[in-house]
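Heads up, the thing below is written out as structure tokens.
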Amino acid sequence: MADKDNDSSPRSSCVGKLAGLFLLLIVGGLGAALFQISQPQDLSDIAGYGPRAEGQSPRNLKGVLANSLKGNYELTLTEHDLNLYLRDTLKVKQGGYLASEVSLDDVVVRLENDYAEIILVRTIAGHPFTLSMFLRVEQSELPNGSILKEVVRNRGPYHESIPRPGVGGRFGKLPVPEGFLLLVMPAFEKLAAVYRDTSSKDPVKELDYVEEMARFSIVDGKLVLDPRPNTQEMMGPGGF
């Protein structure tokens, strides 16, 4: 029996070391993730935001959206346009029990190729904190020529070999899976409600007009909206 105990002792020691190493890796990874979450992302690259935008006036986005639909022509909105408009039309306020410790300071938009990033800028107990959600639009043409649009809450997969989950947003500097957005969706839904009117069948507010558009595309910091239906004349040289 003594020999058996002596034989098993090194194995037990090895398993214990592996378990300790595994636990150390988990704790280290969690610590690194928490550090990335606590670091606000750099917003200095965003057009129409910060000191450089002071004194600049925004376009009347509701007016130009309405005119685009009425006149049936394509409209291009830049990142600069969107952020100046948000700055001047959105009153940010944090409510609830944590209102004394948490403030919502700004909402800004970053436009990349094919997707947008909506960023909430907060202060928590005196420390700056950013929280963001990625949005992109998937479009497909139906047999009748109409365009089916679907808003997707991610910027795509982490890697082409791993299609799911998609990268849903960023907590601080840390990219998070789209499932994590469930924790913060109420904040983004309240934001969208400011620019949408669900009580009317006709477009009334900014998002109502946007949702009436037939096509969306985001390219090089620009949001391109097209209200025109998909006709053969718009399909290129093969059309009549």
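The values are calculated or read from the model by the stated rules, or taken from the named source; none is laboratory data. What you are looking at is a predicted structure, and each value in this text was computed from that prediction instead of being measured. All Cβ positions, glycine included, derive from the backbone under ideal geometry; neighbour counts span all protein chains shown. Heavy atoms of the whole protein, side chains included, go into the accessibility calculation; ligands, DNA and RNA do not. Shrake-Rupley method; radii C 1.70, N 1.55, O 1.52, S 1.80 Å.
A Förster distance of 25 Å, applied to the separation of the beta-carbon atoms of GLN36 and GLU189, puts the FRET efficiency at 0.45. Spacing of the modelled spin labels on HIS159 and ILE147, each 7 Å from Cα toward Cβ, amounts to 3.4 nm. Near the amide H of GLY156, within less than 5 Å, lie the amide hydrogens of VAL167, all on another chain or at least 5 residues away, with H placed in the peptide plane.
On the principal axes of its alpha-carbon atoms, segment 132-210 has extents of 40, 35, 15 Å, going from largest to smallest.
Karplus-derived 3J(HN,Hα) values for segment 31-40, using 6.51 cos²θ - 1.76 cosθ + 1.60 with θ = phi - 60°, are x, 5, 5, 5, 5, 5, 5, 6, 9, x Hz; glycine and proline are entered as x. Sorted largest first by accessible area at a 1.4 angstrom probe radius, with every protein chain in place, the residues ASP105, ASP220, ASP208, ASP88 fall in the order ASP220, ASP88, ASP105, ASP208. Per-residue accessible area (protein heavy atoms, 1.4 Å probe) orders LEU183, LEU104, LEU34 as LEU183, LEU34, LEU104, starting from the largest.
Each residue of segment 197-203 was assigned a 3J(HN,Hα) from its phi angle through the Karplus curve 6.51 cos²θ - 1.76 cosθ + 1.60 (θ = phi - 60°); the sequence is 10, 7, 7, 10, 6, 8, x Hz, with glycine and proline shown as x.
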